[in-house]
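Since the structure comes first, as structure tokens, the remarks are kept for the end.
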Amino acid sequence: MPIDRDRERAKRRHLRRQAALQARAQRARRNQQVAGAVLAVLVVVGGVFWLGRALGGPSSSGTPAAASSPSPSTPATSSPTSSPTPTKSAKRYAKAPAKTLAQGRAWTATVKTNRGPLTLELFGDKAPQTVSSFLFLSRDKYYDGTPCHRITLSAPLQVLQCGDPTGSGNGGPGYSYGIENAPANGKYPAGTLAMARTQDPNSNGSQFFITYGDSTLPTQGGGYSVFGKVTKGLDVLQAIAKQGTADGSPDGAPKNPVTITSITVEPR
């Protein structure tokens, strides 16, 4: 009968509409799942990038800051405003000096910069290999005329990173060594002097960082070698930090260049 046919047609139309609605709902769910997966990947990539900066933050090969910064080191970028122009090639040495050079004692280092002097106490008893290397390089004038190529401006990483003659964040003395005297809690109070490195725990070289504010760094991989502290001149570092970076970012070359003119080290 016509009514039955009309009912059948209406039923088929209803089923087609239901199928179309279900298909649209399934497509929407798939799109949401894809968007969620993409977002998760971006979060992971962003986290890895941040961690690399923090560890290489100071890092020596590109941190934390030799580094890190602290990644104490991050690769230099091509922008002339975000990283300093390389100043000179880094002198290379065949091997690290013997750790006995530090004599297991405390030392006083006077670091003269174009922004003001710093006085450091070096822990030759707690970090003999690191202090021996710093003594050796300072006496050989390795650091003279070299830039502090990186400053980080936001907690938990507040450091000035120095020690690369090339100013690129990738330079080093040709030798490397392992971690000493790293804090188990990852805390680096203002005025801490520590080595920057890559994610390789045996990549300490010449790059170092000084915290101008309380900082926290990851403990995974062994942390960063603390080999001294600032006894005078913390205000110099804080004044440098207040001026910001060359490109306005929270991590980059200091806005006004910072150059180490000389380092002298004497027994305490």
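Just so you know, all these numbers are worked out from the coordinates, no wet-lab data involved. Nothing here was measured: the structure is a model prediction, and the numbers come from that model. With ideal geometry, Cβ positions are generated from the backbone for all residues, glycine too; neighbour counts draw on all protein chains shown.
Below are the figures for this structure:
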{"quantity": "Per-pair calculated FRET efficiency, R0 = 30 Å: Y175 and N256 via Cβ, rounded to 0.05", "calculated": "0.40"}
{"quantity": "Global form of region 162-232, assessed from the alpha-carbon gyration tensor, a/c cut-off 1.5", "calculated": "oblate"}
{"quantity": "Pairwise Lys count, region 86-142 - Cα closer than 21 Å, eight or more residues apart or different chains", "calculated": "9"}
{"quantity": "Distance between modelled label sites at K242 and K112, nm, 7 Å Cα→Cβ extension", "calculated": "2.5 nm"}
{"quantity": "Stretch gain in nm, segment R139-A155, where the contour uses 0.36 nm per residue and the Cα spacing is subtracted", "calculated": "2.4 nm"}
{"quantity": "For G228, residues with placed amide H under 5 Å, excluding near neighbours", "calculated": "F123, L193"}
{"quantity": "In sequence order, calculated HN-Hα J values of region 134-147 (Karplus, 6.51, -1.76, 1.60; Hz; x Gly/Pro)", "calculated": "5, 4, 4, 5, 5, 5, 8, 6, 4, 8, 4, x, 9, x"}
{"quantity": "Largest-first ellipsoid semi-axes for region 108-166, taking √(5λ) over the Cα gyration tensor eigenvalues, angstrom", "calculated": "20, 16, 12"}
{"quantity": "Phi-based couplings in Hz for region 95-111 (Karplus 6.51, -1.76, 1.60; Gly and Pro marked x)", "calculated": "7, 6, x, 5, 6, 6, 4, 6, 6, x, 10, 8, 10, 10, 10, 10, 9"}
{"quantity": "Inter-label distance, nm, simple model (7 Å from Cα along the C-beta direction), R92/T264", "calculated": "3.3 nm"}
{"quantity": "Inter-label distance for R17 and A184, nm, one decimal - labels placed 7 Å from Cα along Cα-to-Cβ", "calculated": "7.0 nm"}
{"quantity": "Gyration tensor over alpha-carbon atoms, region 117-268, equivalent ellipsoid semi-axes in Å", "calculated": "21, 18, 16"}
